[in-house]
1. At a Förster distance of 60 Å, what's the computed FRET efficiency of LYS180 paired with SER35, Cβ-Cβ distance as r, to 0.05?
2. Let me check I have the definition right: for the chain, take the eigenvalues of the Cα gyration tensor, multiply each by 5, take square roots. What are those semi-axes in whole Å, largest first?
3. Note the full-extension length gain between TRP220 and LEU477 as 0.36 nm times their separation in residues minus their Cα-Cα distance, in nm to one decimal.
4. With unit charges on the beta carbons (Lys and Arg positive, Asp and Glu negative) and the dipole taken about the Cα centre of the chain, which residue among MET221, VAL503, GLY397 sits farthest to the positive side?
5. Just want the answer: with Cβ charges of +1 for Lys and Arg and -1 for Asp and Glu, which residue in ILE484, THR297, LEU383 is farthest toward the dipole's positive end in the chain?
6. Given a Förster distance of 45 Å, report the FRET efficiency between ALA234 and SER416 from their Cβ-Cβ distance, rounded to the nearest 0.05.
7. At 0.36 nm per residue, minus the direct Cα-Cα distance, what do LEU285 and GLU457 gain on full extension? Give it in nm, one decimal, please.
8. If r is the Cβ-Cβ distance from ASP364 to ARG386 and R0 is 25 Å, what FRET efficiency results, to the nearest 0.05?
Amino acid sequence: MDRSLRLRSFGFAAIVLYCLLYLVPTFVDSERIPSWFFFDHKITLGLDLQGGAQFTYSIALDKAVDDKAAEIRRDVEAELAEKKIEGAASTPDIAPGAIAITLKDPAKKDEVQKLVASRYGDIITTMSCPAQGPLKDSLCLRISSSFADGIKKSALKQAVGTIKKRIDARGVSEPTVIEKDDQIIVELPGLDKDNIARIKELIARTAKLEFKIVADGSPWMSGLYQHVVKPDPAAEALGITALPDAWAHEKSGKEFFDSYLKAYDRDESFTVDEAKKSGCWRRDLPEKDGKVRCKVTGRRVIERYLEELAAANPQFHVPPDGQIGFELVFPDSVGEKADKRPYWRTYYLDRAVRLTGSAISKADVSYDPNTLRPEVAVEFNRLGARAFGDLTGANVGRKMAIILDDVVASAPTIQSAIRQGRSSITMGGSDPRTQERDALDLVNVLRTGSLPAPLEEQQVAELGPTLGRDAVDKAQLSFGLGIILVVIMMIGVYRWSGTIAIVTVVINIMMMLAVMAMFRATLTLPGIAAVVLTVGMAVDGNVLIYERIREELNLGKSVKGAVEVGFQRAFSSILDGQLTTAVAGWVLLQYGSGPIYGFAVMLLVGIATTLFTNVLITRFFFDLYVSKKKGELATISI
């Protein structure tokens with residue numbers, strides 16, 4: 001064996017071995033693979049072959065409109081300050097996208113209205129203010145219907161893109177995310193229940209990060225505190241308590257006072273409709289006498305109490321410029337008798353959003369140097385850092401609520417202006433592993449961007465193979481039958497050379513599958529069709545080569561010369577055919593989606609592996625056979 005042949009044999013053997021090792025996780029159960037085995041990528045089957053899970057979400061598009069109104073409110077306040085007009089702007093909960101401007105001098109209302117109209121044009125329109133209450137003399141505006149529709153369409157499109165990024169970040173192959181009317185449908189191929197549950201949680205996280213100031217000493221909150229501690233039988237029945245809160249600024253010693261409500265999670269009996277309304281209903285809950293027993297969060301207990309209290313006594317309606325925030329607290333109490341149950345507590349907040357997650361330029365997992373607990377360190381962009389510095393500088397001594405997905409993650413006291421443009425978000429929970437996992441997930445969603453509005457899960461379904469079990473079995477049968485027919489034809493027509501063709505086809509398929517495993521691709525029925533088509537193209541290439549060799553042998557050339565010329569003359573025909581098919585595959589790849597895209601990917605991979613096996617590996621086997629026979633070979637089985 002000459003040096004060139006020896007080098008080729010080692011090289012091809014290494015490639016085949018590498019492909020085989022890469023395919024081990026795909027075909028061998030993970031429990032039987034040793035821990036030291038360094039290949040872990042595998043091919044997953046698509047929804048059409050193995051089924052999976054489907055989630056249907058609705059999106060609170062009105063929230064996206066409210067966020068735009070909050071942005072305009074901040075601009076209006078800056079404009080009023082610049083024009084030296086005394087007044088304040090707010091975003092009251094009277095209509096989606098509502099903005100109220102309350103002026104100290106009502107005579108300037110027309111001037112302000114013209115100012116706002118010239119700046120925002122068709123974006124906003126006027127609306128009637130409530131006849132009673134603090135807004136009766138205000139200038140009330142709202143986002144116009146046409147602009148609101150544009151915001152909703154954009155929010156829906158953005159939500160689809162963000163969900164795709166989040167799923168891709170978790171390494172799920174070939175997810176399907178589509179919009180249908182005002183809903184988003186997500187389909188995930190064959191994952192285990194734990195992975196599906198985690199991805200569901202990741203999808204639904206709005207990752208809406210907001211910074212708001214705690215309105216300490218509010219007369220409304222003080223009145224609520226006095227009402228609950230009176231005591232109030234309704235609050236006692238629900239296990240709601242009212243507690244004082246006090247803190248001091250470290251440098252000045254100035255004291256601040258506030259109060260809050262506290263409640264634990266509790267089990268309650270509901271009708272099915274009531275359970276669905278409370279958000280605690282699940283399909284697996286046992287039903288008895290038309291009722292189910294489910295857990296209600298302390299947050300929902302407080303919310304329900306406040307709703308009923310406001311309905312009975314209008315003075316307890318949350319003011320338009322205020323908002324109730326909720327934090328889930330995990331006590332650090334020590335001792336056997338200490339109550340270590342997590343509970344929900346309230347914060348009374350300024351409704352105005354002072355800063356959002358859009359101002360974040362970087363997010364990473366870090367660890368608190370004192371407690372070693374995982375937290376998420378965030379850095380603001382240039383404008384965000386300036387706004388954060390102004391916000392903390394104007395509210396020294398007060399508390400600032402860091403709100404993630406409508407839950408207060410923490411509410412630290414502002415000891416001084418923070419001009420470095422950095423902050424951190426602490427993780428709830430007492431289990432360090434859970435905290436670390438939550439921190440990683442939060443970093444992922446902050447990096448991929450927040451959803452423009454919260455998602456609400458409408459339906460969950462487990463999908464069987466979309467083509468049906470019988471159709472899948474028939475497809476697999478046709479694939480196997482096609483391979484067998486090719487084997488019979490090639491060996492019957494080309495004898496020993498046909499065997500070489502079959503071996504190269506097997507190596508070709510193995511290389512295709514290894515490439516799929518390398519990129520953790522999903523195999524679908526169109527992908528199988530591309531594999532079958534590749535087998536046909538590979539065999540066709542071998543037929544071209546063999547017929548050329550036959551022609552040269554019939555002209556009286558030696559076996560070695562016939563093989564040499566046969567491969568040279570067949571190469572241009574093989575290359576032309578493969579390039580023509582590759583152009584069609586590239587077009588499908590660029591403009592196709594779903595099954596068409598999967599077919600195009602497999603087709604292009606198959607073209608590359610077919611050229612490699614036809615031109616190099618088939619030639620290697622012929623050269624090896626000829627070299628072993630040396631001068632004894634007068635003809636060849638072809």
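The values are calculated or read from the model by the stated rules, or taken from the named source; none is laboratory data. Because the structure is a prediction, the values reported are computed rather than measured. Glycine gets a Cβ as well: all are built from the backbone with ideal geometry, and neighbour counts include every protein chain shown. Side chains are part of the model used for accessible areas, which takes the heavy atoms of the whole protein and leaves out ligands, DNA and RNA. Shrake-Rupley method; radii C 1.70, N 1.55, O 1.52, S 1.80 Å.
1. 0.85
2. 67, 28, 24
3. Working it through step by step, the gained length comes to 85.2 nm.
4. Checked the options; the winner is VAL503.
5. ILE484
6. After rounding to 0.05, the efficiency reads 0.60.
7. 60.1 nm
8. 0.70
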